[in-house]
1. Run the simple label-point estimate for A:Leu100 and A:Asp177 please: 7 Å along Cα→C-beta, distance reported in nm.
2. May I ask for the angle, rounded to the nearest 10°, between helix A:257-267 and the longest principal axis of chain A, with both axes built from Cα atoms and the value confined to 0 to 90°?
3. Would you kindly compute the Cα radius of gyration of the protein assembly as shown and its largest Cα-Cα separation (Dmax), both in Å?
4. Rank A:Phe236, A:Phe263, A:Phe176 by mean-square fluctuation in a GNM of chain A with C-alpha springs under 10 angstrom and give only the top-ranked residue.
5. When the C-alpha atoms of region B:1-85 are aligned to their principal axes, what extent does each axis show, in angstrom, from largest down?
6. Filter the trypsin sites (Lys or Arg not before Pro) in region B:220-262 to those in DSSP coil with at most 13 other Cβ atoms within 10 Å of their Cβ, and list the result.
7. Using 0.36 nm per residue of separation minus the Cα-Cα distance, give me the extension gain between B:Glu68 and B:Asn178 in nm, one decimal.
8. Just need the Rg to Rh number for region B:84-228, please, alpha carbons only, Kirkwood Rh.
Amino acid sequence: MLSQPPLLMNISQQSHPLPSSVSSQQAELKIAELAIGIGLRSPHHQNFMDAQTAVDWLELHSENFFDPQSPQRFQLNSIAEHYPLSFHGVGLSLGSSDPLNTRHLQALKDLIEEYNPSLVSEHLSWSSNKGRYFNDLLPIPYTVESLAHFSDRVDQVQNYLGRQILIENPTAYLSFDSSTIHESEFLGKVHERTGCGLLLDLNNIYVNSINLGLDASEYLTNIPVEAVQEIHLAGFTRKQLDTGEILIDTHGSRVSEPVWQLFKEYRQICRAPALIEWDTDIPELDVLLEEAQRAENEQSEVLSRRVVA
Amino acid sequence: MNLSEVQSLFCHQLLGSNLRLSAELKSLEISGPFPAEQLLQLYRNNFYISLCDYLEACFPTVSALVGEEFFRQLSKKFIQQTPLTEAPLAHYGTGFSSFISTYTPTAELPYLAEMATLEWYLENAKTSFHTELFPFKALAELAEAQQSDIRFLLTPGVSIIDAQSPVFSIWKAIHSDNPEHNELEQMDMSQKEQILIYPTSPSTGRPGAELTLISNDHYQLIRAFKAGTALSDLVLAADFQQQLSHWISLGVINNFSLEKHS
């Protein structure tokens with residue numbers, strides 16, 4: 001017969017309790033009109049685990065938080081107690097001709113149900129083919145077939161999640177000759193058909209305007225402003241090729257002056273919350289907060305001019 | 001060409017990079033500021049570079065051992081042969097060690113594959129967050145007749161390695177604050193090492209991971225825990241009680257079961 005292991009009495013039984021479920025607190029934290037947020041990236045998680053850092057709201061990449069036993073989820077439990085959240089997906093591959101990845105969708109649904117974020121968004125793009133993923137947001141031809149397919153997928157996702165999602169306009173370095181619909185019109189029609197909201201990335205519009213010769217002002221005019229529920233502000237990188245220069249959407253630098261200009265123009269008609277997005281070469285948090293402060297200043301100037309007028 | 005055909009061709013272009021694909025590229029009918037091949041190369045670069053960066057972040061010591069340029073070539077071959085099958089990258093390094101052990105230029109360097117194993121286990125330990133403490137009360141409440149069936153469970157993220165090369169010593173040398181350049185050159189590469197890797201979250205409440213050398217006795221004991229050996233067989237091991245206490249306090253063991261492992 002074995003005796004009870006006596007050594008157990010010598011072991012510390014101190015506990016490290018996890019924060020309690022945060023869905024109820026998060027339900028009361030909403031992202032307001034004109035609120036300025038920043039993209040939450042892992043080097044800065046610790047800065048937001050209490051309410052010490054002043055920012056209106058935070059956006060995170062959903063896929064980085066799928067694992068419920070990850071350090072990120074532990075940190076998110078605290079972060080979600082203090083800040084309104086937006087979940088921004090990069091891997092649902094909505095434009096792919098593959099069937100929707102139900103495992104991915106279920107993981108997203110579980111995450112949403114636990115935290116109840118204010119906004120959930122994805123991209124007008126695809127990233128997988130025949131089950132192989134490419135870790136990128138790839139362009140789709142804007143055709144009648146793609147519009148029907150993409151709208152059907154957005155419908156499926158919204159029905160599965162039981163809530164509206166926002167669709168973001170992508171960056172593209174090429175266009176398909178088979179496209180028959182302007183991207184802005186395509187987004188408007190997806191909104192019309194599915195009731196989804198739109199996330200307008202002003203940097204993507206600017207980068208595409210330079211690389212592909214689109215007219216940024218015309219693009220913004222074509223977008224149904226009532227559908228826009230979020231704005232992204234980010235930076236790009238100039239890449240020199242043998243044949244000329246191209247702008248790469250790296251999200252790895254400060255917001256450029258032309259994009260600030262677009263923001264000021266669009267702020268005159270749109271009060272959707274805006275976000276400073278920075279994904280590569282992530283700087284000190286202070287740099288992101290400075291960019292957020294500039295967004296506040298720019299919109300204050302726009303709004304005060306409107307009051308005077 | 002329908003959407004499915006366009007995407008299929010596009011993917012083929014992303015994975016390939018030679019002129020044989022030029023006819024296929026033409027049929028994609030793409031336009032932009034540069035010739036089609038250059039436009040595709042932008043996407044190709046983004047695809048490979050983003051995954052190479054991810055692998056380099058998971059395997060910094062392998063990269064340091066072979067140099068950045070060779071690591072990029074190695075990663076590119078791995079990426080070509082190992083499709084990413086889900087959007088999250090969290091599991092993508094799983095097969096990197098076995099790839100290194102079979103890829104011709106690295107197959108003759110067994111320490112390299114073992115280092116990749118060590119770093120992947122370390123990554124798993126870092127990303128496994130557990131704060132549940134060992135259920136002492138439940139253990140104390142077991143009837144005496146049940147005790148022989150107790151199986152101690154390793155905390156998720158705990159791994160052991162029976163390395164045929166001194167990968168722990170190499171790892172320490174490379175990550176030392178004051179690296180001595182001749183330390184690696186003087187190392188006996190046939191020296192075997194047994195290593196324990198574990199998450200520190202159970203003992204500290206914060207994310208993190210540790211690795212440590214262990215004796216063969218301890219390696220065999222942890223291996224027995226991992227295999228689900230019942231307490232009735234475990235108590236025969238040398239200094240079992242002290243070892244059990246030690247591994248529980250470190251968070252290496254965080255639960256027990258009365259069932260055989262499935």
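Readers should treat all values here as calculations from the given coordinates under stated rules, not as data from a laboratory. Bear in mind that the values here come from a model prediction, so they are computed numbers and not experimental data. Because the Cβ atoms are built from the backbone with ideal geometry, glycine has one as well, and the counts that use them run over all protein chains shown.
1. 3.5
2. Tilt of helix A:257-267: around 90 degrees.
3. 26.8, 90
4. Of the options given, A:Phe176 has the highest mean-square fluctuation.
5. Taking max minus min along each principal axis of the Cα atoms, region B:1-85 gives 46, 27, 21 Å.
6. Within region B:220-262, the qualifying trypsin sites (Lys or Arg not before Pro) (loop, at most 13 other Cβ atoms within 10 Å) are B:Lys260.
7. Value of the extension gain: 37.5 nm.
8. Using Cα coordinates only, the ratio equals 1.04.
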